[in-house]
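Working notes, beginning with the structure itself.
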Amino acid sequence: MYTASTAFLDSLQEAGVEFIFANFGSDHPGLIEAITEARAKGRGIPRLITCPNEMLALTCAQGCAQLTGRAQAVVVHVDCGTLSLGGAVHNAARCRAPVLIYAGMSPATQEGELPGGRNEFIHWLQDVPDQRGILRQYMKYDHEIRSSRNVPQIVHRALQIAESDPKGPVYLVAARETMEAAAEPLSSNPSLWRPLPSAPLPDDAVAEIAVALTSARRPVVVTSYLGRNAAAVAELTRLCRGHAVGVLESAPYYMNFPQDEGMHLGAYWNEPFRNPVLAEADVVVVVDSDVPWIPSVNPPSPDAAVFHIDVDPLKEMIPLWYIKARRSLRADSFLALKQINARLDAQPPKASVVAERRNHFSGLHRRRADELAEREAARTDIITPEWLTACVRRALEDDAIILSEGVTNYPAIHHHAGRRVPGTMFASGGSSLGWSGGAAIGMKLMAPGRMVVALTGDGSYMFSTPSAVHWLARRHETPILQIVYNNRGWNAPRFSTLAVHPSGYASRANDLDLSFDPPPDYAGIAAAAGGALALTVKRPDDAEAAIRKAVRTVVEEKRSAVIDAWLGRSL
Ligand SMILES: Cc1ncc(C[n+]2csc(CCOP(=O)(O)OP(=O)(O)O)c2C)c(N)n1
Ligand SMILES: [Mg+2]
């Protein structure tokens, strides 16, 4: 029988969704029946990836979206599975990752009125007043499929909203009877549901920003997520290389600007001091950033002219938000930079102005590069995060994908990974830990030929449900390399406490309840769950050798590997 569930699958297939990350339950008989029927009859449907944990399912889909900009589907079980999506919901929303999440609802009838009505005790327990309310403040759109007769329209509309800028997750639900009900095969023309085109800057804003950049002495671009689009990276490179504009990254979560470009002037997160390049800037163009600086610690000069170009400049989903920009503009960063470049090509800044800026900025870039080289070369008998990341960089090709969930080691990883190709560096875009394992699998699914390496704090590794990650990686043939930056606990809450109470009791206490000593056998968990190569290293030379061995294992044996790297410092 052709049911709403069949229509749901057909619509996903028609829209080009490649994967369904599924965690099934009693709400999904219609769907499981339709999937097995499609397989029996040889009809194409998206590939099913069974996820033993919902957070992992959504995180996999986020990884897919971060690499490609396209939405995949996540299927979870009623309110329970929806709640189990947990912090992955925050990450997908903050990252503006398009994902279609679908959950069944408890059956709507209980006396045998309709096929799919209540027949299990849990159906009463899972009937909640507002299931969509669980996710509403994180979703771009939520809706209930109320009839079996317009499933394609609702699925296509949800995907169109998810994939139109600013992108984000969407949530659909349906009662079990609805998904069992008969439907008509309806072919909708997917081209009618394309994402909306990206928006350019208004002409007067192009002129104003170009004029400001032309006369500036120390113009700087600050960005966090412009690199989600490789074409925008190319336009930024053209702008900065051509006209000597510096680039700073603030809590970056994409490869926004090649680190070896002379105008790359560094990146910052929560450092408790002012960034000298930002402090000195007289024109600051913020392009795609949720947190371009921390005003109480690291503000730009009060005299700087600040412009803000963003796919989402109002940040309506962040209640307290402003940056005192002279102009705030909703535009696509690729189009905006292209427009600014065209304008500056036609009316370039004076050569002497550009030469002075270039000289100044490239001097800063070289000094920074020398400092980084010195830091990572320092030989000690302990593994430093700088040394470890340098080993990773040396072992990888330029197109390898690195995911960073290093937390207090975000800076060391970003600086020393030295990425220079768009689409080769990612962080979660949010702050809910446990993203890197699933996201790595999602990216490997989308790019099976590329090496995918997740660098993670030990706490974050535990948050990611490594048993589920490694079962999945073997079951679905997505070998990844994970390296645990093992400092035996949670360093970040210590940093947070001392930043607020620098000389309180906590500053004198030996135990802040943040230590994991003795730690679990992190690599052993992966070996037990998914047959991963498991290596634990405590000395720098062993770390370098282990990374090379692990890379070989992933490439040649198509088997995951986890290196538990003990950093010198214990918490
Ligand atoms: C889901 C979730 N729970 C708790 C936190 C709070 N938190 C922020 S950082 C952190 C510790 C992270 O530990 P680890 O990954 O080992 O990195 P480290 O701080 O040691 O660098 C915690 C618990 C969080 N961000 N997300
Ligand atoms: Mg740690």
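Mind jotting down the distance between the C-alpha centroids of region 192-235 and region 9-40, whole Å?
40
What is the angle, in °, between the Cα long axis of helix 333-346 and the longest principal axis of the Cα atoms in the chain? Nearest 10 is fine, range 0 to 90.
40
For the charge dipole of region 81-139, defined by +1 on Lys and Arg C-beta atoms and -1 on Asp and Glu C-beta atoms about the Cα centroid, which residue among Ser106, Ile134, Gly117 has the Cα displaced farthest towards the positive pole?
With unit charges placed on the Cβ atoms, the residue in question is Ile134.
Counting other beta carbons within 10 Å of each Cβ, put Val392, Val99 in order, fewest first.
The fewest-first ordering by Cβ neighbours comes to Val392, Val99.
Could you list Phe8, Phe19 in order of exposure, starting from the residue whose Cβ has the fewest other Cβ atoms within 10 Å? Write down the numbers at each step before the final one.
Details: Phe8 28, Phe19 21.
Listed from fewest to most nearby Cβ atoms, that is Phe19, Phe8.
What is the set of long-range amide H partners of Met425 at a cut-off below 5 Å, with H atoms built 1.01 Å from backbone N?
Here the answer is Met255, Ile402, since their amide H atoms fall under 5 Å of that of Met425.
Return the sequence-ordered ³J(HN,Hα) values of region 107-117 in whole Hz as given by the Karplus equation 6.51 cos²θ - 1.76 cosθ + 1.60 applied to θ = phi - 60°, using x for Gly and Pro.
Result, ordered by residue: x, 8, 10, 10, 10, x, 5, 9, x, x, x Hz.
Report Rg (one decimal) and Dmax (nearest whole number) for the chain, counting Cα atoms only, units Å.
Rg then Dmax for the chain, in Å: 24.9, 84.
Show the residues, 5+ positions off or on another chain, whose built amide H is closer than 5 Å to the amide H of Val221.
Excluding prolines and chain starts, which carry no amide H, the hits are Gly246, Val247, Leu248, Val285.
If neighbour count is taken as other Cβ atoms inside 10 Å, put Cys80, Cys95, Cys51 in order from fewest to most.
Lowest to highest Cβ neighbour count: Cys80, Cys95, Cys51.
So what is the relative contact order of region 53-162, in percent, for Cα pairs below 8 Å that sit 6 or more residues apart?
Value for region 53-162: 26 percent.
Relative to a virtual label point 7 Å from the Cα of Val128 in the Cα→beta-carbon direction, which members of region 160-189 show backbone nitrogen distances below 16 Å?
171-175
Taking the Cα atoms only, what angle lies between the long axis of helix 351-377 and the longest principal axis of the chain, rounded to 10 degrees?
70
Once amide H atoms are built 1.01 Å from N in the peptide plane, which residues 5 or more positions from Ile383, or in another chain, come under 5 Å H to H?
Gly568
How many angstrom separate the Cα center of region 528-563 from the Cα center of region 463-523?
19
Send over the per residue convex hull volume for region 55-177, Cα only, as a whole number of Å³.
Measuring per residue, one finds 92 Å³ for the Cα hull of region 55-177.
Rounded to the nearest 20 debye, what is the charge dipole size of region 310-447 about its Cα centre when +1 sits on each Lys and Arg Cβ and -1 on each Asp and Glu Cβ?
Details: 20 positive and 16 negative charges, 134 e Å.
Here region 310-447 has a charge dipole of around 640 debye.
How far apart, in nanometres, would the label points at Asp511 and Glu557 be if each is projected 7 angstrom from Cα along the Cα-to-Cβ direction?
Placing both labels 7 Å along Cα→Cβ, they lie 3.9 nm apart.
Hey, what does the equivalent ellipsoid look like for region 392-487, semi-axes from the Cα gyration tensor as sqrt of 5 times each eigenvalue, largest first, whole Å? Walk me through the intermediate numbers first.
Details: eigenvalues 69, 60, 23 Å².
The answer is 19, 17, 11 Å, longest axis first.
Lys315: which lysines have alpha carbons under 19 Å from its alpha carbon, excluding same-chain residues fewer than 8 sequence positions away?
Lys140, Lys167, Lys324
Rg and Dmax in Å for region 480-571, alpha carbons only: what are they?
16.5, 53
So which aspartates and glutamates pass the test for Lys338, namely a Cα distance under 20 Å, with those fewer than 8 places away in the same chain ruled out?
Counting by Cα, and skipping residues close in sequence, Lys338 has these aspartates and glutamates nearby: Asp165, Asp203, Asp204, Glu208, Glu235, Glu249, Glu261, Asp288, Asp310, Asp312.
Describe numerically, in nm with one decimal, the distance between label points set 7 Å from Cα along Cα→Cβ at Ser164 and at Ile382.
Result for the modelled spin labels: 5.4 nm.
Read-outs: derived from the displayed coordinates by stated rules, not from any lab. Note that the structure is predicted; figures quoted are calculated from it, not measured. As a convention, Cβ positions derive from the backbone with ideal geometry for all residues, glycine included, and neighbour counts pool all protein chains shown.
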